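Here's the structure we're looking at; comments come further down.
The values are calculated or read from the model by the stated rules, or taken from the named source; none is laboratory data. All values derive from a computational prediction rather than experimental measurement. Methodologically, a virtual Cβ is constructed for each residue, glycine included, from the backbone with ideal geometry; neighbour enumeration extends over all protein chains shown. Heavy atoms of the whole protein, side chains included, go into the accessibility calculation; ligands, DNA and RNA do not. Shrake-Rupley method; radii C 1.70, N 1.55, O 1.52, S 1.80 Å.
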Amino acid sequence: MPRVLLLHTGGTLGMAGGRPSALRPAAFFKTLKARVPELFQLADIELQLFSNLDSSEMQPELWQRMATHLHQQLPQFDGAVVTHGTDTLAYTASALSLMLRNPPCPVVLTGSQRPLGEVRSDARLNLIDAVLSALEGPREVTICFDSHLYRGNRARKVKVAEYDAFDSPNCPVLGTLGVDATFEPGLRSKGPFRLFEKLDSRVLLLKVYPGLDPALPLQLLPHVRGLILEAYGAGNFPIDPELGRSFMPLFTQAKERGVPVVVVSQAHRNGVDLSLYESGAAALAQGVMGGADMTPSAALVKLMQGLAYHPRSPEALARFIQTPVAGELTVGRPTVEPPARGRRGSTRRTKAE
Ligand code: ASP
């Protein structure tokens, strides 16, 4: 039997309770054995408890512990499943993808919209599909949810109360688990399995909106080491000094203080091109970096990691931010592809048919 590690971190799938009381973490492994005994027919599954938290409690220090633990454990398994709450699942998937480079086996994150103990729970199928993806899917960090496998660092939580909670608008799905399960080959591994566990979490993620007074983030600059700006469209923000809310003083101050600024888009599809409009071009001239089609969560973790590994070289940091290390961004002009969901995978059929 192939060996699969199932590392539980928490989330709705392991919770109990519900209206009129609040959902809270419960004994997950007991429920798992009772509700999905057939999971253990797919593989020899080792259950490990990492934490039992609502994922809104997830923090960079926990990512560091999780990545270090997985780095130690993965060589002993054929695949790994990490169960996690959906709220910060895309952040954790981004973090693990950047911290565990060239994993020796698939690392699949999953969760659910309803607890496993409930009759209409989506947890049972998500768990079975995640184990199958851990056995037969691509050797990278992915998210398995509602019969689809997504690249972890490209995914976004897009729905709160429907079962298809995730999407990866800038990256085709890596697997479709319908009547047949089909998987894409995924990333080509480049080199040995390595752990990059260091993160500098002193990063501010700021969304641009009409009415935002840039004097506010300006006051925060002395307290941060890096800034991610979720800008409009292709990477736009106000720069007209006469209208009173120009971002240019923020960029100039950031440059003087050595605080790198990375711009990503509020739009889910495609990415930023700072050379397209005046505001982006003015920011570029102040050393602001375009984050291409990275999701804000991937850009956030990548900047945390870049600051930790390149604290004194702005050039090395810029190279790191703009070069994909785990498939998290498209180089050059972000491509316009057909929507990710619903596209059929083209390669392997599952051996478990
Ligand atoms: N609050 C929950 C969590 O992220 C939501 C979920 O799991 O769906 O842990």
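A few points about this structure:
- Residue 16/residue 322 FRET efficiency (R0 45 Å; Cβ-Cβ; nearest 0.05): 0.50
- Top of 264, 272, 36 by mean-square fluctuation, Gaussian network on the chain, Cα under 10 Å: 36
- Per-residue Karplus couplings for segment 135-143, computed as 6.51 cos²θ - 1.76 cosθ + 1.60 with θ equal to phi - 60°, are listed in order as 8, 10, x, x, 7, 7, 8, 10, 10 Hz, Gly and Pro entered as x.
- Antiparallel bridge percentage (DSSP; both residues within the chain; nearest 5): 35 percent
- Theoretical FRET efficiency, 1/(1+(r/R0)^6), r = Cβ-Cβ of residue 59 and residue 240, R0 30 Å, to 0.05: 0.20
- Cα shape, segment 3-187, gyration tensor, a/c 1.5 rule: rounded
- Spin-label proximity, residue 286 to segment 230-250 - amide N less than 16 Å from point 7 Å beyond Cα toward beta carbon: 230-232, 235-250
- Derived scalar couplings ³J(HN,Hα) [segment 235-244; Karplus, 6.51 cos²θ - 1.76 cosθ + 1.60; whole Hz; x for Gly, Pro]: x, 10, 7, x, 9, 6, x, 6, 8, x
- Residue 15 long-range amide H proximity, modeled H, under 5 Å: 26, 116
- Distances between placed amide hydrogens fall under 5 Å for residue 148 paired with 177, all partners being 5 or more residues away or on another chain.
- From phi via Karplus (6.51, -1.76, 1.60), per-residue ³J(HN,Hα) for segment 32-40 in Hz, x at Gly/Pro: 4, 5, 6, 8, 10, x, 5, 4, 7
- The apolar share of the surface of the chain, taken as the fraction of accessible area on carbon and sulfur atoms (1.4 Å probe, ligands and nucleic acids excluded), comes to 53 percent.
- Per residue, the accessible area of the chain comes to 45 Å² when a 1.4 Å probe rolls over the protein heavy atoms.
- Counted residue by residue at 0.36 nm each, then reduced by the alpha carbon distance between them, the extension gain from residue 29 to residue 257 reaches 77.1 nm.
- Fraction of beta bridges assigned by DSSP in segment 203-321 that are antiparallel (%, nearest 5): 10 percent
- Rg and Dmax, both from the Cα atoms of segment 203-321 and both in Å, are 13.0, 40.
- Computed label-point distance, nm, for sites residue 40 and residue 193 using a 7 Å Cα→Cβ extension: 2.5 nm
- Spatial separation of Cα centroids for segment 31-98 and segment 159-206, in angstrom: 14 Å
- With a simple spin-label model that places each label point 7 Å from the Cα along the Cα-to-Cβ direction, the separation between residue 220 and residue 160 comes to 2.2 nm.
- Within the listed set 182, 12, 31, the residue fluctuating most in the Gaussian network model of the chain (springs between alpha-carbon atoms under 10 angstrom) is 31.
- Taking a ≥ b ≥ c as the square roots of the eigenvalues of the Cα gyration tensor, an a/c ratio of 1.5 or more together with a/b larger than b/c marks the chain as prolate.
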